[in-house]
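Structure, as structure tokens:
Each reported figure results from applying straightforward, stated rules to the coordinates on display, with no laboratory input. In this text, all values refer to a predicted model and were calculated from it rather than measured experimentally. Glycine gets a Cβ as well: all are built from the backbone with ideal geometry, and neighbour counts include every protein chain shown.
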């Protein structure tokens, strides 16, 4: 229950931050990406503002033995940059530039501008399903725990 409560709190804070900063508005995102036209630098300041608390969070995390609501940290064990990662980043960037939305703001926009966001979210879910059914099985947090012989998370 503690994990669910913290996840809901984190999601609510993230959504409120997106709405308050205006980053749930696709026009602002497209304005940021339009560097040769009517460039809007506000997204740069929102990203910069997010880096400061994240830097503090990483320093705190480095000193903790375990997270506050789990038995251990679930951090990636690889830092390799391969074609799959770069290709995914390129596809994500193209989608972000065309739609002016990425997954977080799209979910937020389901409450703020549901008609426009609904189509994006459906397309996003279709892409996720297509990936799931066409790619080899990838380790997830859930099956990594089982594969390592540890206790499965009850999520």
## Note on the structure
Relative to the chain, whose Cα atoms define the longest principal axis, helix 2-21 and its Cα axis are tilted in degrees, nearest 10, by 20 degrees
### Message
Rounding to the nearest 10 and keeping the result within 0 to 90°, find how far the Cα-based axis of helix 103-112 lies from the longest principal axis of the chain.
### Response
60 degrees
### Task
Calculate, in nm to one decimal, what residue 119 and residue 44 gain on full extension: separation in residues at 0.36 nm each, minus their alpha carbon distance.
24.3 nm
### Query
Over the chain, what relative contact order in percent results from Cα pairs under 8 Å that are six or more residues apart?
24 percent
### Query
Based on the Cα gyration tensor of segment 1-74, what are the three equivalent ellipsoid semi-axes, each the root of five times an eigenvalue, rounded to whole Å and given largest first?
32, 16, 8
### the chain: angle of helix 83-99 to the longest principal axis, Cα-based, in degrees nearest 10
40 degrees
## Note on the structure
Compactness check, the chain: C-alpha Rg relative to the 2.2 N^0.38 Å globular estimate gives 1.21
### Message
Using the basic label-point model (7 angstrom from Cα toward the beta carbon), what is the residue 84 to residue 8 distance in nanometres?
### Response
3.5 nm
### Summary
Semi-axes a, b, c in Å (a largest) for segment 53-128, each sqrt of 5 times a Cα gyration tensor eigenvalue, come to 30, 19, 12
### Query
residue 112 versus residue 129, label points 7 Å from Cα toward the beta carbon: distance in nm?
2.7 nm
